[in-house]
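Accompanying notes for the structure given below.
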Amino acid sequence: MAIAVLLVDDEETFVETLAKRLTLRRFNVYTATRAPRVFETLDENLIDVVVLDVRMPDLDGIEATQKIKTSHPLVEVILLTGHASMEASLEGLKMGAFDYLIKPVNIDELVYKIEDAHRKKELQEEKIRRLRDQTDETADEAGSGASD
């Protein structure tokens with residue numbers, strides 16, 4: 001199944017170009033250029049990785065990272081930053097971002113980061129499945145032991 005990526009940047013041309021390039025590499029790409037659309041897209045779709053510009057007029061990337069990780073904790077966030085906002089990117093990592101890249105972004109490096117972030121997400125989902133299975137087995141054993 002294709003990795004679902006949400007690209008978030010206020011530069012529409014950048015988002016469109018990057019979306020085309022990622023789509024050619026078999027990613028399932030969603031885009032948002034305004035803050036409200038980011039959270040609508042996350043709520044309406046199964047997104048694996050968000051690629052998020054740190055500086056947008058209507059969206060603070062650090063606050064957005066924190067909100068994303070709170071409401072969708074398994075979604076991984078990759079921050080895009082200019083040289084001037086390196087401190088913001090480091091703050092984003094503290095808020096739970098997977099990693100950051102400096103603009104202009106190299107497409108191969110971005111693809112690698114997205115795939116790596118997706119692997120991390122899959123490992124977390126597998127851990128959760130195992131814990132649920134163990135919990136279900138324990139509950140079943142407890143239930144069957146009570147009727148003996």
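Given the pairs LYS20/LYS121; LYS69/LYS121; LYS67/LYS94; LYS20/LYS69, which are separated by over 20 angstrom at their Cα positions? Before the final figure, lay out the partial values.
Details: LYS20/LYS121 24 Å; LYS69/LYS121 12 Å; LYS67/LYS94 13 Å; LYS20/LYS69 26 Å.
From LYS20/LYS121; LYS69/LYS121; LYS67/LYS94; LYS20/LYS69, over 20 Å: LYS20/LYS121; LYS20/LYS69.
Given the -39500 (n - 2.57) contribution per DSSP H run of 4+ residues, what per-residue ellipticity at 222 nm results for the chain, rounded to the nearest 500 deg cm²/dmol? Don't skip to the answer; put the middle values down first.
Values: 5 runs with 83 residues, N = 148.
Computed mean residue ellipticity for the chain: -18500 deg cm²/dmol.
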(Q) With unit charges on the beta carbons (Lys and Arg positive, Asp and Glu negative) and the dipole taken about the Cα centre of the chain, which residue among HIS118, GLY61, ILE102 sits farthest to the positive side? (A) ILE102
Q: Report the extension gain between GLN134 and LYS103 in nm, rounded to one decimal, defined as 0.36 nm multiplied by the number of residues separating them, less their alpha carbon distance.
A: 6.8 nm
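If packing is taken as the average count of other Cβ atoms within 10 Å, what order do 31-41, 16-26 fall into, highest mean first?
31-41, 16-26
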**Q.** Selection from ILE78, ALA142, ILE128, by position along the positive dipole direction of region 63-148 (Cβ)
**A.** ILE78
Q: Using θ = phi - 60° and the Karplus relation 6.51 cos²θ - 1.76 cosθ + 1.60, list the HN-Hα couplings for region 2-10 in order, rounded to whole Hz, with x at every Gly or Pro.
A: 5, 6, 8, 10, 10, 8, 10, 7, 7
Q) Counting pairs of alpha carbon atoms under 8 Å apart in space and at least six apart in sequence, what relative contact order in percent does region 11-113 give? A) 22
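Kirkwood Rh over Cα pairs of the chain into Stokes-Einstein at 37 °C, 0.692 mPa s: D in µm²/s?
Working: Rh = 16.3 Å.
Rounded to a whole number, D works out at 201 µm²/s.
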(Q) For a quick check, take a GNM of the chain with Cα springs below 10 Å and name the residue from GLU122, GLU44, GLU11 with the largest mean-square fluctuation. (A) GLU44
Q | For region 39-56, Karplus couplings with θ = phi - 60° (6.51, -1.76, 1.60), whole Hz, Gly/Pro x | A | 6, 4, 4, 5, 6, 9, 9, 8, 8, 8, 9, 10, 9, 10, 5, 6, 10, 9
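Which FRET efficiency value, to the nearest 0.05, do you get for THR23 and SER71 by plugging their Cβ-Cβ distance into 1/(1 + (r/R0)^6) with R0 = 25 Å?
Values: r = 26 Å, r/R0 = 1.04.
Using R0 = 25 Å, I get an efficiency of 0.45.
Suppose every K and R has +1 on its Cβ and every D and E has -1 on its Cβ; what is the size of the dipole of the chain about the Cα centre, in Debye to the nearest 20?
On the way: 19 positive and 30 negative charges, 88 e Å.
Rounded to the nearest 20 debye, it is 420 debye.
Each value in this text was obtained by applying a stated rule to the coordinates, not by laboratory testing. Owing to the predicted nature of the structure, the values given are computational and were not obtained by experimental measurement. We place every Cβ from the backbone using ideal geometry, glycine too, and count neighbours over all the protein chains shown.
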